[in-house]
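Comments concern the structure below.
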Amino acid sequence: MLAWLASLLLLLGTITLLGAFVAIKNLSRDLPSVDAIQELTLSEPLRIYTRDGQLIGEFGAERRATLRYSELPPLLVQAFLAAEDDRFFEHPGVDWQGLVRAAVKLALTGEKSQGGSTITMQLARNVFLSNERTFTRKFREILLALQMEDRLSKEQILEIYLNKIFLGERAYGVGAAALVYFGKPAGELTLGEMAVIAGLPKAPSRDNPVANPQRAVERRNYVLRRMHELGDISDLQYEQALAEPLVLRPYQVHVDVDAQYVAEMVRAELYAEYGEDAYTRGFTVTTTLDAGKQNAATAAVRQALLEYDQRHGWRGPEEQVPAGQWSVEDAASLQAVFGRHRPVAGLEAGIVTAASAERIELLTEQGPAQIAPEGFEWARLKGDKALQAGDVVRVQRDGDALRLVQVPEAQGAFVALSPDDGAIEALVGGLDFYEGKFNRATQARRQAGSGFKPFLYSAAMAKGFTPASVILDAPVVFDDPALESTWRPENYGGDIKGPMRLREALVQSRNLVSIRLLQAIGIDYARDFIPRFGLPADRLPHDLTMALGSAVFTPLEMARAYATIANGGFVIDPYFISEIRDNRGEVVFRAVPRRACEACEAAAGDAADPNVAVETGTAVAAPDVAAAAGPDADAPQWTPAPRAIDPDIIWLITDILRDVASRGTAARVRQLGRSDLAGKTGTTNDETDAWFNGFQRHQVAVAWVGFDQPTPLGRGEVGGRAALPAWMDFMKVALDGVPEEIAPRPPGLVNVRINPETGRLAAVGDPDAIFETVQADHVPEPEPEQEQQRESGADLQDLF
């Protein structure tokens, strides 16, 4: 009987062992190898470069910063062990005590739990297994953990775990989390910051300090308490870490060139085409930006805004920190202040420690500093404006010198493009992308002001007017039943000058002449002609306010229209993506821009129709990946742009705009020492918008300054004062080494001697006569006495 029972037990034991063996064999069949666990497979981010290879942006579904075990701060490792697995160095990969506790809970309550999950088991689950809570998954997790412990050292397991674990905000691993949340490498984290990161594995998306700061502090305090209980930190360390303020520093990719607005434009385009794959497939995008020009544009806009801001006085410190809330010796209190006042547009915060007429002493994140009187005299810091200890101010660095500044409240935008093919070479959408992603260069539709007048004057010359044509500069009054009051437009300054030639009226930007000119050619004609420059037709007003630039356009749309003047009358499409390659280096998109090409016209035999219809729906040519030119070397690199404006008209308006830049409302341009610069200032009612639109034959640039919510900039803040300085600072860099170039006069134009008062052909021997260029088929009428000479057969050669 006993022998039979022993045989039965032996048989049952054998069957059980065989069953367990088969189960383990089946569960182990498709487990990953330990070698695979050691491989860190990363998705490849989207990287964006200037045309000369400088990084301007990087976007990835995952953020990583891999660290070796020796690079991991010991306290950070201890924080994770205290929070997740304090017996890690004691168990063989499976904490049997924890599993027993989980089994007891199941028996008593009928509920499954995740008890006993070690760091090794978490690594197995998070990297290779699902998060489903089943016994099968748990057994596979145990088997994989045991394999890992058999093949890898504890330090290797921790290194892999701390580099692979998801910690919220697309951060994978402690190195990435340190950068994402605190803007510093892991080795520079404070104890409190380490505890924040160590508290994330339980619920990284819900409990991270960006999504839920309060919950992140609660988890931090739990981790610190566990570290203290385990003896990892002293009483003093524990108390100091608990008192640390939670100060976040948003993650910013280190880039070579500040062009975040364009980087965001590229990201949006690729996301629209590829969805989430845009962030993981390793695309490399080459933009049309020129690094040097982009840097110049950014600096120019920021300096122009600072200068405008300082003209309007000191507004006071950003904050007054009470004496008890900060101390030179208390690094945590200083960090809290600087955390509330992050750098904006390169302007860093400083805490005033002492101030007098001789100097301002302050603390910045870089250490103690001083500002000499020449750096703050503009602010007139006297009386109730005097600075006090604890005031938080902004400083601008110029080498070793500091200047007191304040973050400008006004905004600006800048666009520079090649008029030859529309390549955007520089674009600034605002003071600082990280203070607001609204791209004023492409999204802000603002009244164009007098910058619109060249298009109106071009329309008039296409209808027979010439630069010598005379229009009366005198008051006009319009009674419109649709308006609550009579419209009485004025010139800027309120003066009038009587009869004026069109050249002088545009050079001096006379509003009343522009209104009468629009009356003369007709609103419908103007609305039909002006879109040929590439401006959206649907935004042109149906009334005479159009003459004063009441239509709204973005800076990029204005740049496109001025490019039509600069390139000789061809309409180009602005674009910003030159090429896209995949992670194998193969071209998936290459731009094929429309290019201004006079030689193409000559080769075609006949000039293109200057009345060609122009697409005006958008100012930016979005990349059509499906129809893009591929890597084929024979694919076209560009196509001819259509001519939209007669070259005679273009030459005349350009010639007048050169006068604007030499002796008109933009006469400051002379300081650049070139004769081939042209442009037009623009100022809207009450100095709400300030523009300068200008160009050289191969460079168009548009600068705008204003408030996001239309508000007067202040008396005298016209385009020539608020916006022109940015344009000049940019052009100084952009045209360095570029030879001057002025287009030759077309054969359809002639020079004539005219009376500057009447615009008619001057009398022979008239000492006041001047030369003017006009269309050959629209030569001005002679003066009455000159008409008599013609009838008597006098030689009129002297008239031309």
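The values are calculated or read from the model by the stated rules, or taken from the named source; none is laboratory data. Quantities reported herein were computed from a predicted structural model and do not represent experimental measurements. Methodologically, a virtual Cβ is constructed for each residue, glycine included, from the backbone with ideal geometry; neighbour enumeration extends over all protein chains shown. For accessibility, only protein heavy atoms count, side chains too; no ligands or nucleic acids. Shrake-Rupley method; radii C 1.70, N 1.55, O 1.52, S 1.80 Å.
Applying the selection to the range 192-220, what residues are free of Cβ contacts under 8 Å to residues at least 60 places away in the same chain, of a type in the set (A, V, I, L, M) and in a helix (DSSP H, G or I)?
Result: 196, 216, 217.
So is residue 526 open to solvent by 10 Å² or more (accessible area, probe 1.4 Å), in contact with a Phe, Trp or Tyr (Cβ under 9 Å, 6 or more places away or on another chain) and not charged (D, E, K, R) or not?
When the stated conditions are applied, residue 526 does not pass them.
Yes/no matrix, rows are residues, columns are (1) open to solvent by 20 Å² or more (accessible area, probe 1.4 Å); (2) within 37 Å of the chain's Cα centre (by Cα); (3) more than 20 Å from residue 706 (Cβ to Cβ):
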{"residue": "496", "(1), (2), (3)": "yes, no, yes"}
{"residue": "510", "(1), (2), (3)": "no, yes, yes"}
{"residue": "513", "(1), (2), (3)": "no, no, yes"}
{"residue": "537", "(1), (2), (3)": "yes, yes, yes"}
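Is there any pair linking a residue in the range 65-86 that is more than 15 Å from residue 157 (Cα to Cα) to one that is of a type in the set (A, V, I, L, M, F, W, C) and open to solvent by 30 Å² or more (accessible area, probe 1.4 Å), with Cβ under 8 Å and at least six apart or on different chains, and which?
As it stands, the answer is 65/179; 82/230, since those pairs meet every condition given.
List the pairs whose first member sits in the range 327-350 and is on the phi > 0 side of the Ramachandran plot, whose second member is part of a helix (DSSP H, G or I), and whose Cβ atoms are under 8 Å apart, counting only residues at least 6 apart or on separate chains?
Note: pairs meeting the criteria are 345/302; 345/435; 346/302.
Kindly indicate the residue of the range 225-258 that is among the hydrophobic types (A, V, I, L, M, F, W, C) and open to solvent by 50 Å² or more (accessible area, probe 1.4 Å) and also farthest from residue 334 (Cα to Cα) among those meeting that condition.
Within the range 225-258, the subset among the hydrophobic types (A, V, I, L, M, F, W, C) is 227, 230, 233, 236, 241-243, 246-248, 253, 255, 257.
Now drop any that are not open to solvent by 50 Å² or more (accessible area, probe 1.4 Å), which leaves 230, 236, 242-243, 246, 248.
Details: 230: 31, 236: 20, 242: 17, 243: 14, 246: 13, 248: 14 Å.
This residue is 230.
Does the range 221-243 contain any residue that is assigned to a helix (DSSP H, G or I), among the aliphatic types (A, V, I, L, M) and within 30 Å of residue 733 (Cα to Cα)? Can you show your working first?
Taking the range 221-243 as the starting set, the residues that turn out to be assigned to a helix (DSSP H, G or I) are 221-229, 235-243.
Next, from what is left, pick out any that are among the aliphatic types (A, V, I, L, M): 223-224, 227, 236, 241-243.
Okay, now just the ones that are also within 30 Å of residue 733 (Cα to Cα), so none.
Scanning the range 221-243, I find no residue that is assigned to a helix (DSSP H, G or I), among the aliphatic types (A, V, I, L, M) and within 30 Å of residue 733 (Cα to Cα), so the answer is no.
Can you pull out every residue in the range 458-483 that is under 15 Å from residue 521 (Cα atoms), over 34 Å from the mean Cα position of the chain (by Cα) and not in a loop (DSSP other than H, G, I, E, B)?
Answer for the range 458-483, where residues must be under 15 Å from residue 521 (Cα atoms), over 34 Å from the mean Cα position of the chain (by Cα) and not in a loop (DSSP other than H, G, I, E, B): 459, 460, 461, 462, 470, 471, 472.
Which residue is nearest to the chain's Cα centre (by Cα), if the candidates are limited to the range 250-268 and must be in a loop (DSSP other than H, G, I, E, B) and charged (D, E, K, R)?
Filtering first and then ranking leaves 258.
Could you tell me whether the range 454-463 includes any residue that is at pLDDT 95 or above, in contact with a Phe, Trp or Tyr (Cβ under 7 Å, 6 or more places away or on another chain) and either among the acidic types (Asp, Glu) or open to solvent by less than 10 Å² (accessible area, probe 1.4 Å) (or both)?
From the range 454-463, those at pLDDT 95 or above are 454-463; that's our starting set.
Next, only the ones that are in contact with a Phe, Trp or Tyr (Cβ under 7 Å, 6 or more places away or on another chain) stay: 455, 459, 462-463.
Among the residues that remain, those that are also either among the acidic types (Asp, Glu) or open to solvent by less than 10 Å² (accessible area, probe 1.4 Å) (or both) are: 455, 459.
For the range 454-463, residues at pLDDT 95 or above, in contact with a Phe, Trp or Tyr (Cβ under 7 Å, 6 or more places away or on another chain) and either among the acidic types (Asp, Glu) or open to solvent by less than 10 Å² (accessible area, probe 1.4 Å) (or both): present.
Can you find, within the range 737-753, the residue that is surrounded by the fewest Cβ atoms within 10 Å (Cβ to Cβ) among those that are more than 18 Å from residue 565 (Cα to Cα) and out of contact with any helix residue (DSSP H, G or I) (no Cβ under 9 Å at 6 or more places or on another chain)?
737
From the list 329, 358, 348, exactly one residue is part of a loop (DSSP other than H, G, I, E, B), of a type in the set (Asp, Glu) and within 26 Å of residue 182 (Cβ to Cβ). Which is it?
329
Residues checked against (1) open to solvent by less than 10 Å² (accessible area, probe 1.4 Å); (2) polar (S, T, N, Q); (3) not in a loop (DSSP other than H, G, I, E, B):
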position: 270; (1), (2), (3): yes, no, yes
position: 273; (1), (2), (3): no, no, yes
position: 295; (1), (2), (3): no, yes, yes
position: 302; (1), (2), (3): no, no, yes
position: 305; (1), (2), (3): yes, no, yes
position: 317; (1), (2), (3): no, no, no
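Give all pairs with beta carbons closer than 6 Å in which a residue from the range 574-585 that is modelled with pLDDT of 95 or more meets a residue that is open to solvent by less than 30 Å² (accessible area, probe 1.4 Å) and aromatic (Phe, Trp, Tyr); count only pairs at least 6 apart in sequence or on separate chains.
580/283; 580/589
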